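The values are calculated or read from the model by the stated rules, or taken from the named source; none is laboratory data. As the structure is a computational prediction, the values presented were derived from the model and not from experiment. With ideal geometry, Cβ positions are generated from the backbone for all residues, glycine too; neighbour counts draw on all protein chains shown. With ligands, DNA and RNA removed, areas are computed over all heavy atoms of the protein, side chains included. Shrake-Rupley method; radii C 1.70, N 1.55, O 1.52, S 1.80 Å.
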Amino acid sequence: MVGHSVRILLIEDSLAEARLLQEYLHQAESKQFVLVHVKRLQEALNELRQNSYDVILLDLTLPDSQGLSSLPLLIACAPSIPIVVLTNTNDEDLAIAAVRQGAQDYLVKRQVNVNVLVRAVCYAIERKQALESLRTLNTTLEHRVEERTAELVKAQEINQFKSEFVSMLSHDIRNPLNTILLAAGLLQNNEDKLTQEKKRSHLQMIRVAIKNMAQILDEVSLIGKAESGKLQCEIIAIDLEGFCRQLLQEAQLNINEKQLNIIFTCNKTSNEALLDETLLRHILGNVLGNAIKYSLPGGTINFELTVQNHAVMFKIQDWGIGISPEDQKQLFQPFHRGENVGGVAGTGLGLAIVKKCVDAHGGEIIVNSEVGVGTTFTVILPLINI
């Protein structure tokens, strides 16, 4: 409802018309009105920026504005204040146009009296308040719909993640389990017939299968921590060159199997830095592993370590199968694998883990790749000076 004292801004270039409207408002018994009169639109805009009003009475013929052109300027300046248009002509089309552009009512000056004016002012304020309430309610409902939609999308993504997770575990853990069962069965049923070399071979198969299973579970655990916001850096001093060379030594079996040439370069002899060793192992192990996995036999891989004052850069470049632009858009999504990987084994978690580990360090990962040409991963991690 309208308050006890109603503040009105009258925009009217005719002093006689303004005095007449002032007199009508003085005669009103149901309300108390405070009328402020200005003659130009610019004066009104200045007044609205400095003071608050309950309603605006607007003459459509002003020295600095004609017709309905005043409406959008006033609405932009004071969108919550209702406007009642005043005119000398009884033009229904003009009235409809004024309302469509945001006016709350339309009065013909020669038809105005005390009751008509007071009713128009009060109704305009009531309608504007009702519209503002509806607008606020609609905005609130829109936000709730957006929030609920986001929740549903998130729930759908979680369900899809769970489904893919179960499918991945079912597939990728079954393979090493089958290997373990097969090798264990051979050892159990043919112990007397197997040579020591065969026994060692089967035991090695079991150890590799168990290691693969442990790696899968470790990756799943890390993704779970990252998704729940529990993945944190536990920094220690690391000899970066020694760390990288150790990774290469651990990957030597796979490197030799594909007859790859790994070129490792480092720009400093002293390159100890504070980083999380476990997360760094996930980062470089996955990127280097992919470079080996997707390189062609006999190919070359460049592994560069560059230590600067405030950051360390690891660049691993291969000339393998490459990654398509479409796959690059989803490269760090869990379980996503490129269309051109063929039968190469993988869980689709490696690069998702790399991204989580890089983010945990506050770092950056850059990918440049072209199908059939090769791929370069550049990882930049900020350094804490020792």
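How large is the helix-only mean residue ellipticity at 222 nm for the chain, computed as the sum of -39500 (n - 2.57) over DSSP H runs with n ≥ 4, divided by its residue count, in deg cm²/dmol to the nearest 500? The helix contribution divided over the chain gives -17500 deg cm²/dmol. Working from Cα pairs under 8 Å separated by at least six residues, relative contact order for the stretch 1-141 is 24 percent. Counting only lysines at least 8 places from Lys329 when in the same chain, those with an alpha carbon closer than 18 Å to its own are Lys355, Lys356.
Amide hydrogen proximity for Ile262: with H placed 1.01 Å from N in the peptide plane, the residues at 5 or more positions away or on another chain lying under 5 Å are Ile301.
Using the 1.4 Å probe convention, the accessible area of the stretch 298-352 works out to 47 Å² per residue with neighbouring protein chains retained. Over all orientations, the chain has a Cα convex hull whose mean projected area works out to 32.2 square nanometres. Put a plus charge on the Cβ of each Lys and Arg, a minus charge on the Cβ of each Asp and Glu, and nothing anywhere else: the dipole of the stretch 1-86 about its Cα centre is then about 200 debye. Its Cα gyration tensor gives the stretch 293-383 an equivalent ellipsoid; the semi-axes, largest first and in whole Å, are 23, 17, 10. Measuring nothing but protein heavy atoms, the accessible surface of the stretch 25-149 at 1.4 Å probe radius is 49 percent carbon and sulfur.
Computed from the Cβ-Cβ distance with R0 of 22 Å, the FRET efficiency linking Asn340 to Asn254 stands at 0.65. The alpha-carbon of Lys293 sits under 17 angstrom from the alpha-carbons of these lysines, leaving out residues fewer than 8 places away in its chain: Lys258, Lys315.
Taking every C-alpha pair closer than 8 Å and separated by at least 6 residues, the mean separation divided by the residue count of the chain gives a relative contact order of 10 percent. Across every direction, the projection of the convex hull enclosing the Cα atoms of the stretch 202-243 has a mean area of 4.5 nm².
Would you please classify the overall shape of the stretch 190-342 from the alpha carbon gyration tensor, given that a ≥ b ≥ c denote the square roots of the eigenvalues, rounded means a/c under 1.5, and beyond that prolate means a/b larger than b/c while oblate covers the rest? The shape class here is rounded. Here the label points at Asn138 and Asn190, each 7 Å from Cα along the C-beta direction, are separated by 7.8 nm in the simple model.
The residues packed around Leu45, meaning those with a beta-carbon under 14 Å from its beta-carbon, carry a net charge of 0 if Lys and Arg are +1 and Asp and Glu are -1. Ignoring lysines fewer than eight residues from Lys31 along the same chain, the ones with Cα atoms less than 29 angstrom from its Cα are Lys39, Lys109, Lys128.
Phi-derived couplings, Karplus 6.51 cos²θ - 1.76 cosθ + 1.60 at θ = phi - 60°, listed residue by residue for the stretch 207-224: 4, 5, 5, 5, 4, 5, 4, 4, 5, 4, 5, 5, 5, 5, 5, 5, 4, x Hz, with x used for Gly and Pro. The residues of the stretch 227-278 have, on average, 65 Å² of accessible surface per residue, using a 1.4 Å probe with all protein chains present. Over 5 Å intervals from 0, what percent of Cα-Cα pairs in the stretch 3-140 sits in each interval? For the stretch 3-140, the pair-distance distribution reads 2, 10, 21, 25, 22, 13, 5, 1, 0, 0. In this rough spin-label picture, where each label sits 7 Å from Cα along the Cβ direction, the Leu182-Gln308 distance is 4.9 nm.
How much of the DSSP beta bridge set in the chain is antiparallel, as a percent to the nearest 5? Bridges in the chain that DSSP calls antiparallel: roughly 55 percent. Treating only the Cβ atoms of Lys and Arg (+1) and Asp and Glu (-1) as charged, compute the dipole magnitude of the stretch 249-328 about its Cα centre; round to the nearest 20 debye. Computed charge dipole of the stretch 249-328: roughly 180 debye. Ligands, DNA and RNA are left out, and with a 1.4 angstrom probe the accessible area of the stretch 1-129 is 51 Å² per residue. Packing order of peptides 26-37, 324-335, 371-382, highest average first: 371-382, 324-335, 26-37 (average count of other Cβ atoms within 10 Å over each peptide's residues). Projected label points at Asn267 and Cys77, each 7 Å from Cα along the beta carbon direction, are separated by 6.0 nanometres. Amide H contacts under 5 Å for Leu35: Ile8, restricted to partners 5 or more places along the chain or on a different chain, H placed in the peptide plane at 1.01 Å from N.
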